[in-house]
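Working notes, structure below.
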Amino acid sequence: MKITVLGTGGVGGTLGTRWAAAGHHVVFGSRDPDHEKIKVLLQKGGERTRVEGLITATAGADAIVIALPWPATREALKSLGDLSGRVLIDCTNPLKADLSGLDVPLDSSAAEQIAAWAPGAHVVKAFNTASSKVMNDPAFGTQPATMFYCGDDPDAKAIVKQLITDLGFEPVDSGSLVIARYLESLAMFYIHLAFRQGWGSNCAIKMMKR
């Protein structure tokens, strides 16, 4: 696949370079393509990665990954123009600046707001309930960490399931896009355990059944 990753921080950088290692072609979209951080990512990602400006990076992409800081997300999407029919993978968590909670109404989610800002796009929520450390290595002994995803378009969800599997996670289809409200709250709980309760960011969520 050709994957565009908007955001070159811990999440975007880790996802992009790992997908490149798995055989996908990855384009990082950046407002500053000459930044030293970008050069490091391209060296790590190898010949299957490149960088372009935000707008040109999305051309021909099978999936567009949104791994931007939440305050920058709306403006970035606005700059991309019409995204009808495009697959948008929302990795964001709309955190308050002091990490005390989520900066969206209780009856909404970042994913639903993104869907409203990009009418006609196929938004799938994923990659928001694990740290970049876990994204880099989802295996805990013989057990893969769980990665939840949700959305309303079956074909878009199939793409995301494959991308989750390619990284070594256990994919769990969690339902329609409205379920992103629960996944973002789950991410808030994960952050609480990792940073307030001292677990650190090298921990993961695992669903089990019998």
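Only the coordinates and a few stated rules stand behind these numbers; no lab work does. What you see is a predicted model, and the numbers here were worked out from it, not measured in a lab. Don't worry about glycine lacking a Cβ; one is built from the backbone with ideal geometry, like all the others, and counts go over all protein chains shown.
Against the empirical curve 2.2 N^0.38 Å, the C-alpha radius of gyration of the range 1-48 lands at a ratio of 0.98. Would you mind telling me which residue in Ala118, Ala76, Ala130 has the biggest mean-square fluctuation in a Gaussian network model of the chain, where springs connect alpha carbons within a distance under 10 angstrom? Per the Cα network of the chain with a 10 Å cutoff, Ala76 tops the list. Pick from Thr92, Thr142, Thr129 the residue whose mean-square fluctuation is largest in a GNM of the chain, springs joining Cα atoms under 10 Å. Of Thr92, Thr142, Thr129, the most mobile in the Gaussian network model is Thr142. Note on the range 115-210: Rg/Rh from C-alpha atoms, Kirkwood Rh, equals 0.98. Taking the DSSP beta bridges with both ends in the chain, the antiparallel portion is around 20 percent.
Within the listed set Tyr149, Tyr182, Tyr190, the residue fluctuating most in the Gaussian network model of the chain (springs between alpha-carbon atoms under 10 angstrom) is Tyr182. Over the Cα atoms of the range 1-94, the radius of gyration divided by the Kirkwood radius equals 0.93; this is the Rg/Rh ratio. Put simply, the C-alpha atoms of the range 145-195 give a gyration tensor, and the ellipsoid matching it has half-axes of 21, 15, 6 Å, longest first.
Helical runs (DSSP H, four residues minimum) scored at -39500 (n - 2.57) apiece and divided by the length of the chain put the mean residue ellipticity at 222 nm at -10000 deg cm²/dmol. With viscosity 0.890 mPa s and temperature 25 °C, the Kirkwood radius over alpha carbon pairs of the range 2-196 converts through Stokes-Einstein to a diffusion coefficient of 148 µm²/s.
Each of Lys161, Lys44 was scored by other Cβ atoms within 10 Å of its Cβ. Arranged with the fewest first, they read Lys44, Lys161. Distance distribution P(r), the range 49-105, all Cα-Cα pairs, bin width 5 angstrom from 0: 4, 16, 26, 24, 14, 9, 7, 1 percent.
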